[in-house]
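The values are calculated or read from the model by the stated rules, or taken from the named source; none is laboratory data. All values reported here derive from a predicted model rather than from experimental measurement. Glycine gets a Cβ as well: all are built from the backbone with ideal geometry, and neighbour counts include every protein chain shown. Keep in mind that these areas ignore ligands, DNA and RNA; they rest on the heavy atoms of the full protein, side chains included. Shrake-Rupley method; radii C 1.70, N 1.55, O 1.52, S 1.80 Å.
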Amino acid sequence: MTLDRSTLRWNAWGFAGHQEGFARADKLWAFLADALKTGALPQTPAKTLAESTLPSSRLAFGDLAAFQEAGCEVGVSPEDRAFHARGDSYRDLLDLRAGKLDPAPDAIAYPKSAEACQRAIELAARMDLAVVPFGGGTSVVGGVTPLTGSHRGVIMIDTTKLNALIAVDRTSLRATAEAGIYGPFLEAKLNAEGVTLGHYPQSFEFSTLGGWVAARGAGQQSNRYGKAEDWLVSAKLATPKGTWRTEDFPASAAGPRLTDLVAGSEGTLGLITEATFAVHERPTARDYRAFLFHSFEEGRAAVRAIVQAEIPVASLRLSDEDETHFFGALSRLTNPPKAMHKVQDAYLKLRGFGGAKCALIAGAEGDAELVAYARTRIADIAGKHGGMGVGTSPAKSWLKGRFHGPYLRDPLMDRGLGVDTLETAAAWADIPKLYTAVRSALLDAMKRVTPNGANGICLAHISHSYHDGASLYFTYLWPRATGGLQAEIAQWEAIKGAASDAIAANRGTISHHHGAGTDHAKWMAAEKGPEAMNVLRALKAELDPTGIMNPGKLGL
Ligand SMILES: Cc1cc2nc3c(=O)[nH]c(=O)nc-3n(C[C@H](O)[C@H](O)[C@H](O)COP(=O)(O)OP(=O)(O)OC[C@H]3O[C@@H](n4cnc5c(N)ncnc54)[C@H](O)[C@@H]3O)c2cc1C
């Protein structure tokens, strides 16, 4: 069982049947126009597939038949090639919405077994085709762009027919699954066995196990369940040099752990066909609640104290002042006004939270005893840092709508607005400077490149925190350039480039969980340094001597 791709949009987020019905939409557009200091927002609809330009496939009938004989279904329809032409980055959406589908994959192979993956890759090498692995296609860094490199065409290998849960080891609390299984199907199967992986990225519904590993992703409960590199025990890959299965010991001193080379490899070394990963008993208790702080700084100190005190939290999500204000205002605008808001405002004012504030959602999961302990300790530490508990309902609304946010991007792009996100991570000592530098870089760049000097909006939060540091996640909106696709690309490059330079200059990583893809290639080389890039190149040359695996990604 897998998702029926015909129910998904090819150039926008999610299910085709989803209706983004904004209550009071007129108020929303007026609020955004005012915040951005721009005029009335224009209508900027995306082109349809019929209006788009799809290059002809370079593969002959015989080439396609060979992939079929290797055990793959093969897709070459315009719908299939358009769906696989890009991922979900802002840069990808600019192309898709403008109807620019060049480059496009020449064909899509859907292997039905790990052996068929191996045969397909060997066939691609013989045919001189680049291979681009494709899971859910939700990459936001250009990870699935069908680049040929020095090869004659691109075969995209879509893994979603590899979707079985292979084994659950209840004693070791490990499971093994095929790489193309989508998040909800994987969790449902694990839950039926009484366990959970607990990996819930915002893209959970439309992304796959293999994509999570390949991009080194993080779920919203990463504090408890870990990032992909933490829960990945071992992987099986189909490479141009043959099948590679990494070691699966719980710990070993027999040299470096090579499984770590697979997490974050973005398809450049081989196609992950199976992954073995740590699972947990399904939580029997959960507690998610919200706190307010007077400033981001105060909230950050609380988050740091909670993780450094080793409280067993599942999730700590702290919004900065602008994000707290923006989503609060949006929620009040798009929902009918309630008399209760006045009472709430008066109470907050009375408690000293009438002005700028930051919201923290803190969650714990496990058994009742663990959750009770975590809840008490979180409240205690939050209180000592000036935080005030505001109950469970803001946290419940966040949990309820946590996969819904991405549906907002397309209607905003339909009204002349650009919306993008980026993320980084740094040591706690570097976080204040990094936050200020990236935020200023984004706001300055947006101001510089928006039509008529309109403003941009920059929102930030911390959603993954560690003993020694945290990630920072930025969402930014700006009025899109007029003048066509090239002008829009240049505008985005200026904004993204300024933020990425600020990250590099302030001891942040170019990506905490989205990966490098094509968008971060330039900064990846600067971050790793020439020696490390040579090591990665040597590794790639060993497994992929002719460089067919996902050319142009990771800066390789
Ligand atoms: C709205 C939105 C929200 C998101 N939220 C999060 C989030 O909360 N956390 C997070 O970590 N990420 C997030 N992402 C980014 C994205 O969902 C992740 O990178 C995800 O892990 C990609 O999975 P996928 O199956 O869609 O992979 P794809 O997009 O198909 O591929 C991602 C990369 O991995 C490679 N790849 C895919 N499958 C394989 C395989 N089997 N073997 C080898 N290489 C492979 C691809 O070639 C590509 O380079 C978000 C994206 C969007 C659009």
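Considered as a group, the residues in region 43-81 that are under 30 Å from residue 482 (Cβ atoms) and among the hydroxyl-bearing types (Ser, Thr, Tyr) include one that is farthest from the ligand (Cβ to nearest atom), and that residue is 53. Give the residue that is farthest from the ligand (Cβ to nearest atom), with candidates limited to residues of region 506-541 that are open to solvent by 30 Å² or more (accessible area, probe 1.4 Å) and in contact with a Leu (Cβ under 9 Å, 6 or more places away or on another chain). Among them, the one singled out is 507.
Looking at 38, 53, just one residue is polar (S, T, N, Q) and open to solvent by less than 70 Å² (accessible area, probe 1.4 Å), and that residue is 38. I'm checking my understanding of the structure. Among residues of region 386-402 that are crowded, with 19+ Cβ neighbours inside 10 Å and in contact with a Phe, Trp or Tyr (Cβ under 7 Å, 6 or more places away or on another chain), which one is modelled with the highest pLDDT? Checked region 386-402; the qualifying residue modelled with the highest pLDDT is 387.
Within region 457-473, is even one residue within 18 Å of residue 89 (Cβ to Cβ), open to solvent by 20 Å² or more (accessible area, probe 1.4 Å) and away from the ligand (no atom under 13 Å from the Cβ)? Among the residues of region 457-473, not one is within 18 Å of residue 89 (Cβ to Cβ), open to solvent by 20 Å² or more (accessible area, probe 1.4 Å) and away from the ligand (no atom under 13 Å from the Cβ), which makes the answer no. Within region 240-258, being within 15 Å of the ligand (Cβ to nearest atom) and of a type in the set (A, V, I, L, M, F, W, C) holds for one residue alone: 244.
Residues to consider are 232, 261, 209, 237; find the one that is more than 11 Å from the ligand (Cβ to nearest atom) and more than 27 Å from residue 311 (Cβ to Cβ). Of the residues listed, the single one that is more than 11 Å from the ligand (Cβ to nearest atom) and more than 27 Å from residue 311 (Cβ to Cβ) is 261.
Output yes when any residue across region 136-159 is under 20 Å from residue 245 (Cα atoms), in contact with a helix residue (DSSP H, G or I) (Cβ under 7 Å, 6 or more places away or on another chain), in a strand (DSSP E or B) and not hydroxyl-bearing (Ser, Thr, Tyr), and no when none is. Yes, the conditions are met somewhere in region 136-159. The single condition from (1) over 18 Å from residue 181 (Cα atoms); (2) touching a Gly at 6+ places or on another chain (Cβ under 8 Å); (3) among the β-branched types (Val, Ile, Thr); (4) away from the ligand (no atom under 11 Å from the Cβ) that residue 148 fails is (2). Condition first: in a helix (DSSP H, G or I) and either free of Cβ contacts under 8 Å to residues at least 24 places away in the same chain or among the aliphatic types (A, V, I, L, M) (or both). Can you find one or more residues in region 409-425 that meet it? Yes - at least one qualifying residue is present in region 409-425.
Of the residues that sit in region 160-174 and are more than 10 Å from the ligand (Cβ to nearest atom), not in a strand (DSSP E or B) and not small (Gly, Ala, Ser), which one is nearest to residue 118 (Cα to Cα)?
161
Being in a loop (DSSP other than H, G, I, E, B) and without any contact (Cβ under 8 Å) to a residue 40 or more places away in the chain is the filter; apply it to region 251-263 and report the residue that is surrounded by the most Cβ atoms within 10 Å (Cβ to Cβ). Only one residue tops the list, namely 257.
Residue by residue, here is whether (1) over 27 Å from the mean Cα position of the chain (by Cα); (2) more than 10 Å from the ligand (Cβ to nearest atom); (3) not small (Gly, Ala, Ser) holds:
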| position | (1), (2), (3) |
| --- | --- |
| 83 | no, yes, yes |
| 94 | no, yes, yes |
| 98 | no, yes, no |
| 117 | no, no, yes |
| 132 | no, no, yes |
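If the condition is being assigned to a loop (DSSP other than H, G, I, E, B), small (Gly, Ala, Ser) and either surrounded by 22 or more Cβ atoms within 10 Å (Cβ to Cβ) or out of contact with any helix residue (DSSP H, G or I) (no Cβ under 9 Å at 6 or more places or on another chain) (or both), then region 283-336 contributes only 314.
Candidates in region 175-186 are the residues that are open to solvent by 10 Å² or more (accessible area, probe 1.4 Å) and in contact with a strand residue (DSSP E or B) (Cβ under 9 Å, 6 or more places away or on another chain); of these, the one that is nearest to the ligand (Cβ to nearest atom) is 178.
Yes or no, residue by residue, for (1) in contact with a helix residue (DSSP H, G or I) (Cβ under 6 Å, 6 or more places away or on another chain); (2) modelled with pLDDT of 95 or more; (3) open to solvent by 10 Å² or more (accessible area, probe 1.4 Å):
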site: 404; (1), (2), (3): no, no, yes
site: 434; (1), (2), (3): no, yes, no
site: 476; (1), (2), (3): yes, yes, no
site: 485; (1), (2), (3): yes, yes, yes
site: 495; (1), (2), (3): yes, yes, no
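Restricted to region 264-282, and to residues there that are part of a loop (DSSP other than H, G, I, E, B) and either among the aliphatic types (A, V, I, L, M) or out of contact with any strand residue (DSSP E or B) (no Cβ under 9 Å at 6 or more places or on another chain) (or both), the residue that is farthest from the ligand (Cβ to nearest atom) is 279. No other residue among 54, 64, 28 is among the hydrophobic types (A, V, I, L, M, F, W, C) and touching a strand residue (DSSP E or B) at 6+ places or on another chain (Cβ under 7 Å) apart from 64.
Just so you know, in region 100-115 the residues that are assigned to a strand (DSSP E or B) and open to solvent by 10 Å² or more (accessible area, probe 1.4 Å) include one that is farthest from the ligand (Cβ to nearest atom), and it is 100.
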